[in-house]
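Below you'll find the structure, written out as structure tokens, and then a few comments.
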Amino acid sequence: MKPVCLSIFLALVVGTTVMSADDTPQPLFDFSGADAVKEWQNINDGVMGGVSEGKFKITDKKTLEFYGKLSLENNGGFASVRTKAKKLGLEKGDTLVAKVRGDGREYSLNLYLNRPLIAFSYRATVQTKKDKWIEVKVPLDKFEATSFGRVVKDAGAVDPKEVNGLGFLLGDKKAGPFKLEIEWIKVERAGK
């Protein structure tokens, strides 16, 4: 091997770290299983008298497509898709990672807890790029407590052990059609 090639080879070998299984993001949700649709549900502003239409389906490409039409009529203005309640096994320091393709609108990634508060969730903003697949990463400590879309100042940080669901919500006060496609949702563990 020539000296220059050997130097490049050594630089590549020395500069590269081998990832163990613990370093890779752990899957939370993908949509390839036959029962994937059974884990999800829609909750739209109809629960408060609104008329927004939000639906979801599992596509032929094994992605979840959240789509519909947002309406501001009757004091409405949100549509959501979320998991049915189940423990997600999140830990302190985790980061949620989702591969999404959107319509350029701003969505919220929500975390749900089993608490007796109405319309309560922890929320983080997800800005999509029109017709482009992107990976969004949100550390758990960046989620804000909200109720009816307003920040709850004294709720404290999310306790990962309490999280029993997650989902996406559109509530950008812009009436009209929307579409968000999700390929998968994973979790990155801190310090592993």
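Before moving on, here are some points about what is shown:
- Whole-number percent relative contact order across the chain, with pairs defined as alpha carbons under 8 Å at least 6 apart: 29
- Label corresponding to mean projected area of the Cα convex hull in nm² when calculated from the structure given, among [x] 10.7; [y] 11.6; [z] 14.2: [z]
- About the Cα centre, charge dipole magnitude for the range 118-192 (Lys/Arg +1, Asp/Glu -1 at Cβ), debye: 220
- As a length-normalised measure over Cα pairs under 8 Å and 6 or more apart, the relative contact order of the range 98-190 settles at 40 percent.
- Take each peptide in 28-35, 123-130, count the other Cβ atoms within 10 Å of every residue, and average; sorted highest first, the result is 123-130, 28-35.
- Label-point separation in nm, Lys161 to Gln127, each point 7 Å along Cα→Cβ: 3.7
- Value at 222 nm in deg cm²/dmol, rounded to 500, when DSSP H runs of n ≥ 4 in the chain each add -39,500 (n - 2.57): -2000 deg cm²/dmol
- Within the full protein context, the accessible area of Lys99 is estimated at about 50 Å² for a probe radius of 1.4 Å.
- Once the C-beta distance of Arg115 and Lys55 is scaled by a Förster radius of 25 Å, the resulting FRET efficiency is 0.40 to the nearest 0.05.
- For Val152, distant residues with modelled amide H under 5 Å away: Ala145, Thr146, Ser147
- Crossing angle, helix 3-15 versus the chain [Cα axis fit, 0-90 degrees, rounded to tens]: 40
- Note on the range 42-192: with charges restricted to the Cβ of Lys and Arg (+1) and Asp and Glu (-1), its dipole about the Cα centre is near 320 debye.
The values are calculated or read from the model by the stated rules, or taken from the named source; none is laboratory data. Note that the structure is predicted; figures quoted are calculated from it, not measured. Neighbour counts are summed over all protein chains in view; Cβ atoms, including those assigned to glycine, are modelled from backbone coordinates with ideal geometry. The area values use the complete protein model at the heavy-atom level, side chains included, leaving out ligands, DNA and RNA. Shrake-Rupley method; radii C 1.70, N 1.55, O 1.52, S 1.80 Å.
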